[in-house]
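See below for the structure under consideration.
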């Protein structure tokens, strides 16, 4: 219990020697310091006893961390629950210090315990800082991409993005992947025996199939993914944050959903063949698309109505 040691100067002295600082959460974004902070902490954040929201925004990294801490406390975790994190600071004198902190709920108290890390941890924390900076940049790029996707550059029949938009989105995703390491994959879909549908059922029925597949793709895919009409009876899907194994599962889900769908006024179900590839930052757009295209050709040659990953 914090109250049982609050007046114990020996406990405070021991904590200072261990470079440990304790705060009690008084209200959202407001914390009260317990005892005197260690020198390493005071040099960066001063010696005030009450810390407000303005205090946390002194540092972007600290603000990033304390936002997570506030979410932890607002969830009302059970007694003994702990959330931890680290951040890195550069002081006015260019001195660098890394901090690790634990947020916990203990016997009705919301506590934040902070300590400094030794030099041997500095590089690890710098790596984490770079990763978080990349994440924030990726989020910003993702917002821009979502806004761009809403522009009216769509295929009139299916409602999906058209070929020109696909090319722009592909370049955007390649740039993001090369800058942040984010993964994405390409799924190429071709309707099996589509000419036969047009020849036996008419072009109206063929258009109905293409429109229906467009609707199915929109219902299956996540908001951050992008489905395009690639040309004729062929579709292309850019799938975000996904590995080669995962893209095979997504493609199989698409294939099975289309195969099981009953299109109005058609005497038989429709199947599709699918080729997939996962982007490798060293390759060109042409080689990336070609790998998926080769996989699609293998799916066709292998009997159609199947998924091949290349």
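Laboratory data are not the source of any read-out in this text; all were calculated from the coordinates shown. Keep in mind the model is a prediction, meaning the values are calculated, not measured. In this analysis, Cβ positions are derived from the backbone assuming ideal geometry, glycine residues included, and neighbour counts consider all displayed protein chains.
Listing 225, 168, 293 from fewest to most neighbouring C-beta atoms within 10 Å gives 168, 293, 225.
In this rough spin-label picture, where each label sits 7 Å from Cα along the Cβ direction, the residue 75-residue 133 distance is 2.9 nm.
Distance between the modelled labels on residue 102 and residue 30, one decimal in nanometres: 2.7 nm (7 Å Cα→Cβ projection). Can you figure out the FRET efficiency of residue 266 with residue 175, using R₀ = 35 Å and their beta-carbon distance, to the nearest 0.05? Taking R0 as 35 Å, the efficiency between residue 266 and residue 175 is 0.25. If R0 is taken as 45 Å, the Cβ-Cβ distance between residue 205 and residue 168 corresponds to a FRET efficiency of 0.90. Applying 1/(1 + (r/R0)^6) with R0 = 30 Å to the Cβ-Cβ distance of residue 198 and residue 257 gives a FRET efficiency near 0.85. The label point for residue 109 and the one for residue 286, both projected 7 Å from the Cα toward the Cβ, are 6.8 nm apart.
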